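Quick notes on the structure that follows.
The values are calculated or read from the model by the stated rules, or taken from the named source; none is laboratory data. All values reported here derive from a predicted model rather than from experimental measurement. Note: ideal-geometry Cβ built from the backbone for every residue, glycine included; neighbour counts use all protein chains shown.
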Amino acid sequence: MSEQFHPSNEEYTVELTKAPSLGLLARLAKAIHTFRSLPQRIYNTFLLFKHRELKKPASKNVCPMRYLNPFLYLHYSTKIAAKSAVIKAILKYPRKDPEGGLFNDQDNAMVFLPVLQDLYPEETITPEDFIFTCNKESLRKYRQPILRFIGPQSIEKQSKELQAVIEDTIQFYCKEKQEISIDATEFSFVLAVAVMSRLLLGHPGPFQAYREIASAVDLVNRYMMKKTLKQPLSKEEKEGYKESLLTLRSAIDTSFRSQGPFSSESFVETLREEKLLTPLQVKMSLYAMYSAGSDTSSSLLNYLLWQLGKHPEFQEEIFNEMSASKEDLFTYANQSEAIGRIISESLRLFTPAYVIGRISPQPLICTIKDKSGNILCQERIEKNEKLLSMPTFAARDPFLFQNPDEFHPHRFSNPSKGYSWFPFGDGAHSCPGQWLAKAEIAMITAILIRRYRFDSSPKQEFQQLGYISLKSSEQVQLKLFPRTMAQNAVR
Ligand code: HEM
């Protein structure tokens with residue numbers, strides 16, 4: 001693809017269209033190109049294994065200024081989109097609609113279906129049973145109830161329960177004493193699972209159960225990723241996986257059967273009562289909530305707490321803004337500019353959904369045009385070639401962000417600067433849990449800062465490992481120091 005114009009200039013349009021098959025000569029030229037690029041690809045794969053993380057090999061090999069980058073993995077047929085306009089063009093279409101759209105999801109099926117089959121070995125599970133692999137029609141049946149409960153119009157209705165869950169989690173981890181140490185990585189995961197369980201899934205706890213579910217989701221996700229990448233798995237990992245499946249199965253059953261005041265208006269009861277989905281599909285969507293929703297939210301919270309612990313000045317900024325606010329906690333936290341900046345900057349540097357993939361069952365052409373409609377360049381995407389959108393790289397584009405590797409929340413002081421790199425996806429499958437994730441993280445940040453000053457470790461930046469969502473290579477620890485009563489009583 002031509003690089004003769006400035007590719008970070010967003011004033012261009014991107015179109016994906018179906019393409020004819022290649023003729024014999026073109027196929028030969030392509031084979032020669034593939035052969036010549038082999039050493040680079042082997043080196044890229046070596047880097048990936050050597051660093052075991054995405055940031056370093058990516059920064060060496062993925063150029064955020066290019067529209068489509070050949071992937072750093074050895075697998076030849078993969079291209080990465082790092083520019084937001086290209087990401088938007090890819091994500092516009094349903095993940096699985098080869099007739100009406102462009103793509104047909106197989107990749108997600110390869111990762112998730114074996115786990116679902118292990119989870120319910122007595123059932124026959126098809127791709128249609130699971131939200132990440134089903135067709136447009138089934139998907140609508142899952143998405144609508146999710147949005148009805150935690151979409152932009154309804155999330156405020158959940159504010160009381162959300163605050164109660166957060167308070168309970170803090171209570172569980174932070175016993176009142178002068179100096180409190182917590183494992184922020186575990187805390188973040190348990191909070192995300194508790195929120196998901198109590199707001200959506202009708203699982204009444206106790207907290208120890210949320211802790212076990214969090215550990216099970218984490219273990220299964222890590223296992224699943226290693227298996228997909230064909231990495232060796234130890235005997236302990238295999239046994240841990242089996243035990244975790246039992247924990248998840250029991251958690252899903254508890255949710256599925258939940259009744260009474262706790263679940264009277266719950267998401268799970270709505271799914272069950274509406275009967276648009278089969279019981280198996282309901283269970284699959286409960287699993288998807290745990291797997292997709294809590295893993296991502298907890299990764300982001302973990303990173304955000306680590307950064308805030310390193311930057312007491314931003315804690316004070318939030319504390320002062322909160323002290324001056326007359327709003328209730330939910331409204332303050334969700335409208336706070338100081339908290340919004342911290343969430344945006346954390347998402348920019350640590351994008352939990354670091355890769356979003358699509359596969360087309362036919363060849364495609366990606367056409368880039370300037371404002372006047374002149375074709376600037378065209379790139380062919382082969383049948384079954386993986387097309388990956390990488391928000392992580394778009395978020396570190398040096399043409400969009402000065403000193404892109406630095407944590408600098410005030411770069412978001414200008415309210416017009418939103419998430420231009422789509423950390424929650426875009427188009428047909430944009431994340432239906434994003435309002436919950438943001439509300440949950442904004443509120444826990446406000447509540448912690450209202451009560452404590454805190455410090456975080458490790459002091460040095462850790463690696464960012466690519467599992468189902470991005471993970472820190474080390475556990476984050478927090479030391480919390482209670483503010484005095486007078487300071488605490490800001491509201
Ligand atoms: C920081 C937290 C989160 C991030 C970064 C995130 C990111 C994403 C992204 C990028 C997608 C699009 C995937 C694609 O296009 O293939 C997605 C989809 C999805 N997310 Fe989230 N998510 C987060 C939290 C949540 C939460 C809390 C929930 C559940 C309540 C959730 C449930 C889902 C579901 C069900 C989908 C699939 C939607 C579909 O296929 O139509 N996510 N998420």
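Scan the stretch 154-179 for residues that are hydrophobic (A, V, I, L, M, F, W, C) and crowded, with 17+ Cβ neighbours inside 10 Å and jot them down.
Those that are hydrophobic (A, V, I, L, M, F, W, C) and crowded, with 17+ Cβ neighbours inside 10 Å: Ile155, Leu162, Val165, Ile166, Ile170, Phe172, Cys174.
Which residues, taken from the stretch 127-153, are polar (S, T, N, Q) and either in contact (Cβ under 8 Å) with a residue 24 or more places away in the chain or surrounded by 14 or more Cβ atoms within 10 Å (Cβ to Cβ) (or both)? Passing the criteria: Thr133, Asn135, Ser138, Gln144.
Only a single item in (1) closer than 26 Å to Leu465 by Cα; (2) touching a strand residue (DSSP E or B) at 6+ places or on another chain (Cβ under 9 Å) is not met by Ser298, and it is number (2).
Within the stretch 345-371, residues that are more than 30 Å from Thr17 (Cβ to Cβ) have Cβ atoms under 9 Å from residues that are in a strand (DSSP E or B) in these pairs: Leu349/Gln464; Phe350/Gln464; Phe350/Leu470; Phe350/Ser472; Pro352/Leu470; Pro352/Lys471, counting only partners at least 6 apart in sequence or on another chain.
Criterion applied to Phe189, Phe256 was being part of a helix (DSSP H, G or I), free of Cβ contacts under 8 Å to residues at least 40 places away in the same chain and aromatic (Phe, Trp, Tyr), and the one residue passing it is Phe256.
Look at Tyr467 and say whether it is of a type outside the set (Lys, Arg), more than 8 Å from the ligand (Cβ to nearest atom), in contact with a Phe, Trp or Tyr (Cβ under 7 Å, 6 or more places away or on another chain) and at negative phi.
Here the answer is no, as Tyr467 does not meet what is asked.
Among the residues of the stretch 420-449, those identified as near the ligand (Cβ under 8 Å from one of its atoms), over 24 Å from Phe399 (Cβ atoms) and under 15 Å from the mean Cα position of the chain (by Cα) are His429, Ser430, Cys431, Pro432, Gly433, Gln434, Leu436, Ala437, Lys438, Glu440, Ile441.
So, Met65, is that one surrounded by 11 or more Cβ atoms within 10 Å (Cβ to Cβ), under 26 Å from Phe103 (Cα atoms), modelled with pLDDT under 75 and touching a strand residue (DSSP E or B) at 6+ places or on another chain (Cβ under 6 Å) or not? When the stated conditions are applied, Met65 does not pass them.
Taking the conditions exactly as written (surrounded by 17 or more Cβ atoms within 10 Å (Cβ to Cβ), among the charged types (D, E, K, R) and in a loop (DSSP other than H, G, I, E, B)), does Asp397 satisfy them or not? Don't jump to the end; show me each part of the working.
Values: surrounded by 17 or more Cβ atoms within 10 Å (Cβ to Cβ): yes; among the charged types (D, E, K, R): yes; in a loop (DSSP other than H, G, I, E, B): yes.
Against the criterion (surrounded by 17 or more Cβ atoms within 10 Å (Cβ to Cβ), among the charged types (D, E, K, R) and in a loop (DSSP other than H, G, I, E, B)), Asp397 qualifies.
For the stretch 195-204, the set of residues classified as assigned to a loop (DSSP other than H, G, I, E, B) and either away from the ligand (no atom under 15 Å from the Cβ) or of a type in the set (Gly, Ala, Ser) (or both) consists of Gly202, Pro204, listed by residue number. Counting only residues that are modelled with pLDDT under 90 and aromatic (Phe, Trp, Tyr), which one in the stretch 393-411 is nearest to the ligand (Cβ to nearest atom)? Step by step, filter the stretch 393-411, then rank; the result is Phe393.
Which of the residues that make up the stretch 180-204 are more than 26 Å from Lys479 (Cβ to Cβ) and surrounded by 18 or more Cβ atoms within 10 Å (Cβ to Cβ)? Talk me through it step by step, then tell me what you get.
Residues of the stretch 180-204 that are more than 26 Å from Lys479 (Cβ to Cβ), as a first pass: 196-204.
Once the filter is applied, which keeps residues that are more than 26 Å from Lys479 (Cβ to Cβ) and surrounded by 18 or more Cβ atoms within 10 Å (Cβ to Cβ), the stretch 180-204 yields Met196, Ser197, Arg198, Leu199, Leu200, Leu201, Gly202, His203.
Scanning the stretch 105-126 for residues being surrounded by fewer than 19 Cβ atoms within 10 Å (Cβ to Cβ), assigned to a loop (DSSP other than H, G, I, E, B) and within 14 Å of the ligand (Cβ to nearest atom) gives a total of 1. Residue count for the stretch 101-126, restricted to those that are in contact (Cβ under 8 Å) with a residue 24 or more places away in the chain and under 24 Å from Lys238 (Cβ atoms): 14. Assessment of the stretch 205-214 against the conditions (away from the ligand (no atom under 12 Å from the Cβ), of a type outside the set (Gly, Ala, Ser), within 28 Å of Ala428 (Cα to Cα) and assigned to a helix (DSSP H, G or I)) yields no matching residue. Highlighted here are the strands (runs of 3 or more DSSP E) found entirely within the stretch 400-478 that include at least 1 residues which are farther than 25 Å from Ser197 by Cβ and of a type outside the set (Lys, Arg): 452-457, 464-466.
Please verify whether the stretch 21-42 includes one or more residues that are in a strand (DSSP E or B) and at pLDDT 60 or above. Working first, answer last.
Taking the stretch 21-42 as the starting set, the residues that turn out to be in a strand (DSSP E or B) are none.
Within the stretch 21-42, none of the residues are in a strand (DSSP E or B) and at pLDDT 60 or above.
Residues that are closer than 17 Å to Gly202 by Cα and charged (D, E, K, R) were ranked within the stretch 264-307; the one that is modelled with the highest pLDDT is Lys283.
Scan the stretch 451-458 and tell me whether some residue there is within 16 Å of the ligand (Cβ to nearest atom) and either modelled with pLDDT of 85 or more or over 30 Å from Cys174 (Cβ atoms) (or both). Reasoning before the result, please.
So in the stretch 451-458, the residues within 16 Å of the ligand (Cβ to nearest atom) come out as none.
For the stretch 451-458, residues within 16 Å of the ligand (Cβ to nearest atom) and either modelled with pLDDT of 85 or more or over 30 Å from Cys174 (Cβ atoms) (or both): absent.
Within the stretch 139-147, not a single residue is of a type outside the set (A, V, I, L, M, F, W, C), more than 13 Å from the ligand (Cβ to nearest atom) and either within 21 Å of the chain's Cα centre (by Cα) or farther than 13 Å from Leu277 by Cβ (or both).
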